[in-house]
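A.B. asks: Next up is a structure, given as structure tokens.
The values are calculated or read from the model by the stated rules, or taken from the named source; none is laboratory data. What you see is a predicted model; the values in this text were computed from it and never measured. Neighbour counts run over all protein chains shown; Cβ positions are idealised from the backbone, glycine included. Calculation scope for accessible area: heavy atoms of the full protein, side chains included, ligands and nucleic acids excluded. Shrake-Rupley method; radii C 1.70, N 1.55, O 1.52, S 1.80 Å.
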Amino acid sequence: MVFFPIILALAMALGAGAIREHGGSTAVSSGKFANKYLSNTELEDWLKDFSVRCGRISRLNSIGTSVQGRDLWVLELSDMPGQAEAEPAFKFVGNMHGDEPVGRELTIRLADWLCMNYKRDAMATSIIDNVHLHLLPSMNPDGFANRSRNNANNVDLNRDFPDQFFPQNNNEARRQPETLAVMKWIRQNNFVASASLHEGALVANYPWDGNVDKSSKYAESPDDSTFRFLASVYSKAHRNMSKSHEFPGGITNGAAWYPLYGGMQDWNYIHARCLELTLEIYDTKWPPESQIVQIWEENRQSMLELVSSTFKSGVHGKVFSSASGLPLAATIQVDGFNQTIKATSQFGNYHRLLPPGKAYKVTASMDGHTSRSVHVLSPNGESTALDFILDPTGGVGQQHKLMRLMTTHDDSDTMALLLYHSKFTFLSFLGVLVILFSCFGCKRRLWLRSEKSPAKV
Ligand SMILES: [Zn+2]
């Protein structure tokens, strides 16, 4: 009995070392912040220092340069930074408007918090392990240096993207270097969702940003319900946003607030299928430096939950060919949403964010293959794992065996494929054994016969 208190103390000590659920008590920070707006040089130094001290889960690279030649630094955070993975990617873009600097500070604080809490806090760990997170603290470093909204060519970068309604905006040669760098970066990554951080209001804004008649009526995109869900994830987790008197629930449709053309969020959705929000995170632009810590505390949980929604909601999985077992860059269609996404050609993975708690019919289709549809239901709002194995058109026989092994409501299609292959291997192995034993038996009988008849020699 004398050992009981010792065992209890040991158990408590071990328990304290386990990964804790997310909460205020785990707000570990490196303390490497001066509580001021870092200059462009200081920001670059901070990022380079971070990529060394947190090199195991981060990678720093420049996606291009500004008009005045400043690098557009992107910090990538993942358990496999710099490597392709079958995971959704998420991005935060800060400081698109030069006179809105808070996003610079929030993105680096988010990086620091994730680094300090990885393997210590459940949410930090799940984000690093399940998402490829990209942070662009400053899209407009020249504007920041000049404390102006526009870039050094006096262009508003959030009016410089190709627009769905006004083709005169689509001359790529005249596009700003910051815009072109971001467009190229978006095309190179599998961004499932993202947010750009602005100041001047407190609201989560979502597409569409405009109407063909330039009116300010509500402009519903095919993913209106998904956007409202994601915007609400942010506003509800924010300390004040959802209490807004101006914006019910702290969210707004872009065009219904004020229409704009050439914006970044609509282009993301149309051309990259990336569900981007424009987050207005403080009522006034360039708030006093003394407010930075408070604004970070108000937004931290929102930022974490928005990133987490890329794997905690929707339908996720892979698509394979039953003939080759190789991944297929199939098209994924969900009934009720006039917008498709594509699985990647490298892994066949897809990530379709959807509002939780509803039933959906999900269809995977690929040229030369028979489409397949599955109904999914997620009553508790968690994400659904759904893999597809598609038969080549007209294919029969072995492929059907493979289809029968497929289970549609869990993550076991890859397993089914492996199971099929392992079954095949096992049966082959059995066959070889039978042949070997038969041969051995034959040989032994011959040998015994030859032993019994030495007179012939
Ligand atoms: Zn702005």
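A.B. asks: Can you confirm whether region 185-206 contains a residue that is without any contact (Cβ under 8 Å) to a residue 60 or more places away in the chain and open to solvent by less than 40 Å² (accessible area, probe 1.4 Å)? Talk me through it step by step, then tell me what you get.
C.D. replies: Step one: of region 185-206, the residues without any contact (Cβ under 8 Å) to a residue 60 or more places away in the chain are 188.
Retained after the next criterion (residues that are open to solvent by less than 40 Å² (accessible area, probe 1.4 Å)): none.
No; the residues of region 185-206 include none that is without any contact (Cβ under 8 Å) to a residue 60 or more places away in the chain and open to solvent by less than 40 Å² (accessible area, probe 1.4 Å).
A.B. asks: Scanning for something in the same structural domain as E276 (by TED's automatic domain parsing), of a type in the set (D, E) and outside any helix (DSSP H, G or I), does region 219-234 turn up at least one residue? Working first, answer last.
C.D. replies: So the first thing to find is which residues in region 219-234 are in the same structural domain as E276 (by TED's automatic domain parsing), and the list is 219-234.
Those left that are additionally of a type in the set (D, E): 220, 223-224.
Retained after the next criterion (residues that are outside any helix (DSSP H, G or I)): 220, 223.
Checking region 219-234: at least one residue is in the same structural domain as E276 (by TED's automatic domain parsing), of a type in the set (D, E) and outside any helix (DSSP H, G or I).
A.B. asks: Between residues in region 258-277 that are under 16 Å from F227 (Cα atoms) and residues that are in a strand (DSSP E or B) and among the acidic types (D, E), which pairs lie under 7 Å by C-beta distance while being six or more apart or on different chains?
C.D. replies: M264/E276; Q265/E276; N268/E276; Y269/E276
A.B. asks: Oh, and also: Looking at region 156-184, which of its residues are within 15 Å of the ligand (Cβ to nearest atom) and crowded, with 20+ Cβ neighbours inside 10 Å? Talk me through it step by step, then tell me what you get.
C.D. replies: Step one: list which residues in region 156-184 are within 15 Å of the ligand (Cβ to nearest atom), which gives 156-161, 178-179, 182.
Of everything in region 156-184, those that are within 15 Å of the ligand (Cβ to nearest atom) and crowded, with 20+ Cβ neighbours inside 10 Å turn out to be L157, N158, D160, F161, E178, T179, V182.
Yes/no per residue for (1) out of contact with any Asp or Glu (no Cβ under 7 Å at 6 or more places or on another chain); (2) open to solvent by less than 10 Å² (accessible area, probe 1.4 Å):
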| position | (1), (2) |
| --- | --- |
| S232 | yes, no |
| P259 | no, no |
| G262 | no, yes |
| D283 | yes, no |
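A.B. asks: Listed residues R147, R120; which is at pLDDT 95 or above, open to solvent by 10 Å² or more (accessible area, probe 1.4 Å), more than 16 Å from the ligand (Cβ to nearest atom) and not assigned by TED's automatic domain parsing to the domain that holds A329? I'd like the intermediate steps shown before the answer.
C.D. replies: Working: R147 fails: more than 16 Å from the ligand (Cβ to nearest atom).
Sole residue among the options that is at pLDDT 95 or above, open to solvent by 10 Å² or more (accessible area, probe 1.4 Å), more than 16 Å from the ligand (Cβ to nearest atom) and not assigned by TED's automatic domain parsing to the domain that holds A329: R120.
A.B. asks: Got a number for residues in region 356-369 being over 20 Å from A86 (Cβ atoms), modelled with pLDDT of 95 or more and outside any strand (DSSP E or B)?
C.D. replies: Residues meeting the conditions: 2.
A.B. asks: Another question, if that's okay. Can you spot a residue in region 184-191 that is under 21 Å from M96 (Cα atoms) and touching a Gly at 6+ places or on another chain (Cβ under 6 Å)?
C.D. replies: No: region 184-191 contains no residue that is under 21 Å from M96 (Cα atoms) and touching a Gly at 6+ places or on another chain (Cβ under 6 Å).
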